Structure formats: C-alpha cells, structure tokens
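Note sheet for the following structure.
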Amino acid sequence: MKKELSRSEFLRQMALLSGGVGLGISGIPGQAYATIPAGVLTSVPEGNVVVIIQLVGGNDGLNTVIPAENDQYFAKRPDIAIKKENALALKNGMYLHPSMSGIKSLYDQGNVAIVQSVGYANPNRSHFRATDIWNTGSDANVVWEEGWAARFLAEKYPTYPIGMPSQPMAIQLGSVESLLFQSDIGRFGTVFEDPNLFYQLVSGTLADDEIPPATLAGDELAFLKQVSATSIQYSTVIRDGALRGKNSVTYPTTNLGKQLGIVAKLISGGLETPVYLCTIGGFDTHANQLTQHSNLWKQISDAVAIFQKDLKNQNKGKQVTLMTFSEFGRRVNQNGTAGTDHGTAAPLFVIGDTVRGGLIGDNPNLVNLDANGDIKANFDYRQVYSTVLSDHLGLSTTSTAGIFKKSFDRLPIFLKSPLMAEPGVKVVLLDPAPNPAAGQVRIQFAVFESMQVDLALFDMQGQKIGSIFAGKLETGTFTQSYDIAQFPNGSYLLSLATSTGARITKRLIIVN
C-alpha cells in the first residue's frame, strides 16, 4: 500500500506551504497536523506503544521453546538438544531455554504469549531477503520497498510529510535505519543510540533553506533534506523526554539492556511515540551453538524482565507491548559443527500486562516436515502483526488489511481481543455483521484449540441450505465473508459445529 506522493510532489507542496523557507518543517505547528482520520482507529486507548526486538541472524526456535519430551528432537540433535530436567517447564511438553528465567517468571504471571511455529509460505533462507520480508510484510515472491510499520504510521499520521507531528513517530535504537520505518515519502523513524548525544550532534544545525532543482537529483536532495530536518525537529523533543523520564530499576549493562532502559525512560518522560525498535545480533549460530545461544537469551530475558518491572513500577505496564521477531528459525537437524543452519518457522514472543499468556498453536511437528525437511508454519507472521496493530495499537480491521493488501486472521494474544475465551470455553462465534444483511455478510469466530469446524447456513426449519466453511483449524480468530444475495429475504440460522461437540447458533436476517 503506497501513498501516492512522489518526492518531487512533496518538494512542491512543501514549497507552497512554507513560502520556500527551509522545507517549511520548522515553521509548521506540528500538533495541528497530527490528526487521525475517522474510522482508522478502533476503541483501543490512544497512547499504546509497541516495542519490537529484532533477533538478528535467525533464532533457533527449537532450542528456545523446546519440545523436550519429543524423542525426534533428541534424535535429530544429539549434541545440542537441551534435556527437560535442565529446561524451564511450560505446558504440553514444551519448555523454555534454561537461560530464560526472567521471561519464565513473566510467563508464570500470565504476561507472555508464545506463538508457535510462525513463518510464511515458500520461506526464504537469505538473511537479507528474509529480513526484508519480515520488515515489509510481503509474500516471499513479492518485493516491497516500504516497511509495514511505516504504512501503519502513514495511516496514523495522514498529513505527513506536509505536516509534521509534534512527537517522533517511531524511534530506533541503533545506527543504521531499518526498512521497517522507510516509505516512498520519507522516513518515519528517528535513529540514535543515546538521546543526549543525538541532541548534541544536531543541536544548532539549521535546515538548508534552498529549494533543490526540479531534477531527479534534486528530488533525491529534497528527500535527504527532509531526513535532516526531521532529525533536527525531534532532537529537542527526545532529549527533553529523556531528561524528564526515569528508570525505577537498574538495567543490565548489555547493549539490549541499555536500549530498553532508554525506551522506558522516554515513555516515562511523556513521549507519545507509538513504535520503538531495538536489536540484538549474533543469532547466526552455524557452529558451537550451545554457549552462544544461551548467552544471547540470558541477555534478552534479563533485559526484558527488568523492562517489564520498570514499566509496572511507573504504571506504564498496560500501555506497552513488547514483540520479538527474527528473519527465520534454524534447521531441525544439527549440522556437523555443533550448530544449526538456516531454517524456517520459529516461535515469536508477545509480552506485556495486557497479553493473554500461554502457548498459542500446536507444538512443532518434527516428523511432518516440508519438502526441505524444515518445520511447517502454524501461523503466518502477518497474523501476529495484524493482531498487534488491531488489538493493541487500535487500527481498524479494514486499515490493517490495507497495510498487508490482504486480510489475515487475528490470534488470541490480548486479554481484550474481540474474540477471547472465558475459562473452559473452546469456541466463540460473534453475531454476523451487518445484521440485517444484504448481498454479503461477515462472520467472525475463534477456536482455542485444534478442532474440526463446520460453519453453515440453515433455514428456520433446520434445513442446511449453504456450507460456509468446513475443515480443521488451529488456534486463532477467523473471518468468513459469505454471499447471501441468492437467498430470499427472511430469517435464517448460522450454525458453528465442532469436533469437540460444541454447537453455536446465531440468527441472521437477510434483506436483499
């Protein structure tokens, strides 16, 4: 989903708006333009934040969330498998890496959702291409040049870059800007390693007030000037937020610990930035994996546990959700150098006070593998992204589908997700929408364990007149659009029957 505004058009509009002074950015009252169009956001409270941790190199999912009661796991990994007596027990035969005691404590509190076997169709094993896929939200065979977070931010800040919000739209802790925040109309992210150093580097710098020529090179120059002007505008905001903010706990001195400490301080200091990106490298564990992988997850686990404690101490816990991703998992079989090579699906963590804790999806199947001998994905990675966008950041279902150019069924990750099970409930069916309906009706339902589902339309005499969906489903939320133009006006019954013995019926009125 590209916004149709070329760099030359951006330059022209900025010149018109500013009278040709310094790209116009410093003279525009940012708050006047930080508006949200009606219908884009749902009822999720404004001000929620997602913090993304990128695990660079391809995390070995099988030694992170471990099937330590599966004989195939030990047969395929005789030298690097982790025994269950050394691991941290979860449920259903799954265990956490022994270095992850901090995350295990959060899991026991119900604050960690582990989505098992996340990937996509026809997975790519190149670090660079796979990272681009995860950052843009594309299919494996499609190349996009805009990050999925940038497309979300374009929805949230629709007047950018003509109107600059008063607060940074996204912040990345690091030195090289991620594709995640890049778009055709400019960058949405501000990148730095230390807020005070960042301020010192750009303080006193003025945006160039000369309008570039109307050439291809001039368009590129205008783009670079916009990047520069954005950094200048937000440097003071970031520095002031860091000075106002605080940390209520002492963070680990690791690089990730420092990154998360800065994020917590900026949130505490009142920044309204909705998306942060932190990174930790070293996951390309082709050799001698055990020690390296253990050290990496200890760094992550310790830093995340302290981060969550800091947020809770400062009453920010319900506002912030943390999510991990890596460009791929590793192979099921160990290699000849006590490591693992590039693989496919792997678990993904979503952590926070508003998360519905637990394992989501079936355990990885180590027998029924894909054609390359790798783990098959339970869930498309964009299901997780769509769930975070809709249920935490408040983007409407329509806008979320627009970001990925298709609709992805959401997962039961958050406590207040639209489809969430009460204790003991295994399936939920919402009322059809709209109702009464003409032409088409949308039906949404959720299952909370693997089961066979039969969704059908009946007349009021109990005769089945239309099959909507029949098949096996894993845990998740699902939406079906159904053509009802063929049926006469009147009252009907939607029925959802499952292999668990449950049957739910909803009334539907057709008014074609």
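Observations on the model:
- Failed condition for residue 132, given (1) charged (D, E, K, R); (2) closer than 19 Å to residue 329 by Cβ; (3) in a loop (DSSP other than H, G, I, E, B); (4) in contact with a Leu (Cβ under 7 Å, 6 or more places away or on another chain): (3)
- Qualifying residues in the stretch 428-446 (those that are surrounded by 15 or more Cβ atoms within 10 Å (Cβ to Cβ) and polar (S, T, N, Q)) - the one modelled with the highest pLDDT: 435
- Restricted to the stretch 109-137, and to residues there that are out of contact with any helix residue (DSSP H, G or I) (no Cβ under 7 Å at 6 or more places or on another chain) and of a type in the set (D, E, K, R), the residue that is surrounded by the most Cβ atoms within 10 Å (Cβ to Cβ) is 125.
Matching residues to (1) out of contact with any Phe, Trp or Tyr (no Cβ under 7 Å at 6 or more places or on another chain); (2) in the same structural domain as residue 296 (by TED's automatic domain parsing); (3) within 24 Å of residue 68 (Cβ to Cβ):
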{"position": "315", "(1), (2), (3)": "yes, yes, no"}
{"position": "331", "(1), (2), (3)": "yes, yes, yes"}
{"position": "334", "(1), (2), (3)": "yes, yes, yes"}
{"position": "338", "(1), (2), (3)": "yes, yes, yes"}
{"position": "354", "(1), (2), (3)": "no, yes, no"}
{"position": "376", "(1), (2), (3)": "yes, yes, yes"}
{"position": "386", "(1), (2), (3)": "no, yes, no"}
{"position": "391", "(1), (2), (3)": "no, yes, no"}
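- In the set (1) of a type outside the set (D, E, K, R); (2) closer than 24 Å to residue 129 by Cα; (3) modelled with pLDDT of 95 or more; (4) not in a strand (DSSP E or B), residue 377 fails one condition alone, (3).
- Residue tally, condition within 15 Å of residue 351 (Cα to Cα) and either assigned to a loop (DSSP other than H, G, I, E, B) or not assigned by TED's automatic domain parsing to the domain that holds residue 180 (or both), over the stretch 260-276: 0
- Scanning the stretch 96-118 for residues that are among the aliphatic types (A, V, I, L, M) and assigned to a strand (DSSP E or B) yields 96, 112, 113, 114, 115, 118.
- Screening 340, 279, 291 for residues that are in a loop (DSSP other than H, G, I, E, B) and modelled with pLDDT of 95 or more leaves exactly one candidate, 340.
- Check on residue 79, touching a Gly at 6+ places or on another chain (Cβ under 9 Å), of a type in the set (Asp, Glu) and under 19 Å from residue 335 (Cα atoms): no
- Looking only at residues in the stretch 447-480 that are of a type in the set (Asp, Glu) and surrounded by fewer than 16 Cβ atoms within 10 Å (Cβ to Cβ), the one that is farthest from residue 506 (Cα to Cα) is 449.
- Test result for residue 49, modelled with pLDDT of 95 or more and of a type in the set (Val, Ile, Thr): yes
- Applying the criterion of at least 3 residues that are under 12 Å from residue 428 (Cα atoms) to the strands (runs of 3 or more DSSP E) found wholly in the stretch 445-512 leaves 476-483, 490-498, 503-510.
The values are calculated or read from the model by the stated rules, or taken from the named source; none is laboratory data. Note that the structure is a prediction, hence the values are computed from the model and not measured. Because the Cβ atoms are built from the backbone with ideal geometry, glycine has one as well, and the counts that use them run over all protein chains shown.
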